[in-house]
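Below is one structure, written out as C-alpha cells; comments come after it.
Nothing in this text is a laboratory measurement; each read-out follows from the coordinates by a stated rule. Owing to the predicted nature of the structure, the values given are computational and were not obtained by experimental measurement. Here the Cβ is made from the backbone with ideal geometry for all residues, glycine too, and neighbour counts use every protein chain on show.
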C-alpha cells in the first residue's frame, strides 16, 4: 500500500489516497490495527502450517491469504486520529501513526524485519550489445530469465522501457509545464527545448519472444507498449516457483547528455573529435512485482528513479577496438581486450596504498589523438563482464580514458577502487577520485555492512552524478587551464562519496525509488555527511547539519517527505536535505549516537539484498533503539511543520517562610526602592486640608500608626506554627531555592526536544535538553519548572544549532537585540536624458576623427623621414667606397679600441629631431648632416 503524503481519509472499502481507493488484497493482507486473540491464533496457525507442510507451502500461503483477507475485512478498523474541538490543541502530535502504515503480517513484521514468508522476484540477464560510436547508437539483444518467487500466478509481466522517456510524445515531455521565458534565458536552455522536440529517441524493438529457460529461441510474444512500460502477455500462466525467459531485440539512438539532461548519454569533444559514452537504462528491465503494490509500473517521468529486481548478469559489450570500457561487474576476458602492460600494472595494484595508473595520461592522450581514419576502420573488441546479485548494469566507453586504481581493505577482502577520466579532468581526478571511493567504502561499511562486490568505479563524463551497481558517473572537472575553485574540488569529492554510497542505498538495500525517493537519497545523503566529516576537519558539507535546512524549513512551496517521487516540490531539499537533517538530529539530539548507530546498522543488515518500505525503516529504528518515535516520523516525514520554539515568559517563585518580621522588612525595602508615580511627585506641593483644619486627624493619622507593623501576637503565632512542624519541614522553610517557571511556545508546529542553556549570575552556565515528550499534553505551549540555588540571568534555546530552529530572535530571555546592518552608497546621477547622450556621442565621434587625422599625419611624416635617411645613407656608402682600401673597408669590431668613435646624435636626440620634423613637415637631419 502506498503511503500518501497527507493523512489518508477513510472511505468504505479501503484507504483513499492520490491513487484512488486501495483495496485490501492477497498481495499485502491488511491486518487489524490491534489484533484480537483470534487474529493472533490465526496467524500462528498459518506460520506453523507453512513451516510444517513445505511441499505445499505455496498452496498454504494462498489459502491463508484468502482467509486472512476475509477475516480482516470484517474486524479491521482504523485508528485514524479525529479532530478534538474540546482541547486547545486539536492536533495530537503524539497520536500513533500505526494506522497510516501497512499492518504487519507474515511478509513484514511489526519489528520492521522481513517476515517468515517474505518473498521477492528475481531476474537474470544475458545481454549482447554493440556500440556504434560513429552513429552514436546501440543495438542489443537481451535475454531475461524471470523467476516467480511470489505466491501468485502471473498471466502477464511488465518490462521497463526507460529510453522511451526521450520520445517526443512521451508522458515525461508532454506533461512538462512551461518554463519561465520572461527576461533572459541561457542558450543551453533553448537548445535543450528545441533538441527534445526533434531528437529521435526511444527504443525501436526488433523482436519480443518468450520461451522456456532452456529454450534457445522463443516464440513471438504478444505485447503492448504504454509509454515507458511494456506488458508481455504470457503464453501460459506463470505459477509460483516457476521461471520463464524473454528475448528482446532492440536498438536506439544515444542522447547527447550535454544538451538533454539525462542519467546517461554521450559527450563530444570538439578539439580531438572523440566522445565519452556513459550508458545507462540501456536495456529492457523487468518491472518490480512486490507484496505491497503489485507491479510497480508508475511511468518514468524523470524524477522518480527505479524499482528493480536483483539478479545475475552476463554482458558482452562490443565497441571500437581502440576504446576502453568500464562497467558493472568484473571483466571476464582482460587478456583479450587489455594491453599487456595494462594487465601487468593491474596485477601489481594489490600491494599499493595509493592510486596507481593502469592507463597513464600520456597513453590516453596518444589513444585519443589517433587519426580519424584509423579509429573508424571498423575493428572492434568485445568486453565480457559478469555481475552477481545486482539490480542493474551500466557502463562507459571512450578513447580518452585515463585509468587509475587502488586496493581497499574491506573486512577480510580487498576491493578494487578505480577511476576512469579524460586528460581534461586532470589534475583533480587523479588526486581525489579513487581516494574518495576508498573513504566511502570504509565509512559506509562501518555504519551498515561490508561492501560485498569486487570493484567500485567512478567515471568522469557528461553526467554530473548518477549511481549504478559498482559504477557511478561524476561530472566536476577543472577549468581548461587546469585550475579549479574550492567549490569544484569539494563538489567532486562530495558527489563521488554520494554516488558510490548509493551502492548501499538503494543498490543493496533495494528500496523503491520510483515511489519513495527519500529512502535512498535521504539516507545516502545522511551517510555522505558522516563520510565528509572524516575527510578533513571543517569539511564544507552542504547538507546534514541542522542549520543548513533552516531556510527551506522556514519557506513555502513544500510537500511532506512522504510525497510520491514525481510529485515532490523542491526536490533536493525535500528528498535529500530534509531527511538527512532529520536523521542527523535523531542521531545527535533525540537518540544519541550509540543507540542510533545500532538501530541504523540493524535496519541495513535486515534489508540487505531485500526491498524495505518506509514502514520497515520506521519500525526497525524504533525496535532496535527502544523508543517510540511516532511523533518524530509524523512531524518530519508526514508534515511540513517547522521548528520554531520561543521563550514566552519567565516567572520566579521563592518560598515564603511566614516570618512576619521578614515580610515587614521586604515591604520596607520595596517601598524604599520603588520609584514614586508622576502624580505623587506633582502632588507633593499641594496644601492639604488635614494640615490646616483642626480636628480632622485621628488614630490612623498618628505618627506611631503603621498598618504593616508587626505585632507581638503575630510573632507568637508564627512561633507556634514552627513548633508544629518537624525538622525537615522547618528546614524547607529556611531554603532560599529559586523556582523559575519558563513558558515555551511552539510557533512552528513541529514538536522537538528543547536544548536550553542556562546562564547564572556567578558567570557559570548549564546545558539541559528537555525531551520531546514535554509537549505530549499540549504541543502548542508548555511550562517547565527549574529549581536552582543560583540566580538565572539569561536563557537561550538551541545555542548549538542542533534542532533546525528557524527563528533565533525568540530564543533568548531576556530578548537579545541583534543588529541589522545596512549599506551606505553615493547617489549616481540619472542617465535617462536622450539629448545628453546624443551630444556626448557627437563629441566622442569628433574626437575620434581628430585622433585618426593625427595618426595619419604621423605615419606620413615617419615615411618621408625614413626615405630621406635611406637616400643619405646610400650616398655616404658610395663616397666611402672610393676613398677606403679593401682592407680598410672591412667592418671594425665594435668592441675594439680601434673602432671609430660615434660623434653623431644620441638616440634620444635623433627621436627629438624626428618629432621636430613632423611638426615642420621636414625630414630630420641624418648623422652625416650633423657631423
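Annotations for the structure displayed:
- Compared with the alpha-carbon gap, the fully stretched path from residue 828 to residue 200 is longer by 220.7 nm at 0.36 nm per residue.
- For the pair residue 487 and residue 336 in one chain, pulling the backbone fully straight at 0.36 nm per residue adds 50.3 nm over the alpha carbon distance.
- Approximate spin-label separation residue 242-residue 271, in nm, with each point projected 7 Å along Cα-to-Cβ: 6.0
- FRET efficiency for the residue 676 to residue 808 pair, using the beta carbon distance and R₀ = 30 Å, is estimated at 0.15.
- Anisotropy class of segment 553-665 from Cα gyration tensor, a/c 1.5 cut: oblate
- Peptide ranges 534-542, 230-238 listed from the most packed, as the mean C-beta count within 10 angstrom indicates: 230-238, 534-542
- Using the Cβ-Cβ distance between residue 303 and residue 538 with R0 set to 41 Å, the FRET efficiency from 1/(1 + (r/R0)^6) comes to roughly 0.80.
- Rounded if a/c under 1.5, otherwise prolate or oblate - segment 609-755, Cα gyration tensor axes: oblate
- Net lengthening on full extension, residue 217/residue 762 (0.36 nm per residue, minus Cα-Cα): 187.4 nm
- With a simple spin-label model that places each label point 7 Å from the Cα along the Cα-to-Cβ direction, the separation between residue 354 and residue 657 comes to 7.6 nm.
- Distance-filtered residues of segment 668-699 - backbone nitrogen under 11 Å, label point 7 angstrom along residue 706 Cα→Cβ: 668-669
- Under the shape rule built on the C-alpha gyration tensor, where the axes satisfy a ≥ b ≥ c, segment 661-733 is oblate, since a/c reaches at least 1.5 while a/b does not exceed b/c.
- For the pair residue 190 and residue 178, label points projected 7 Å from Cα toward Cβ lie 1.7 nm apart.
- Ordering of 677-683, 223-229 by packing [mean C-beta count within 10 Å, highest first]: 223-229, 677-683
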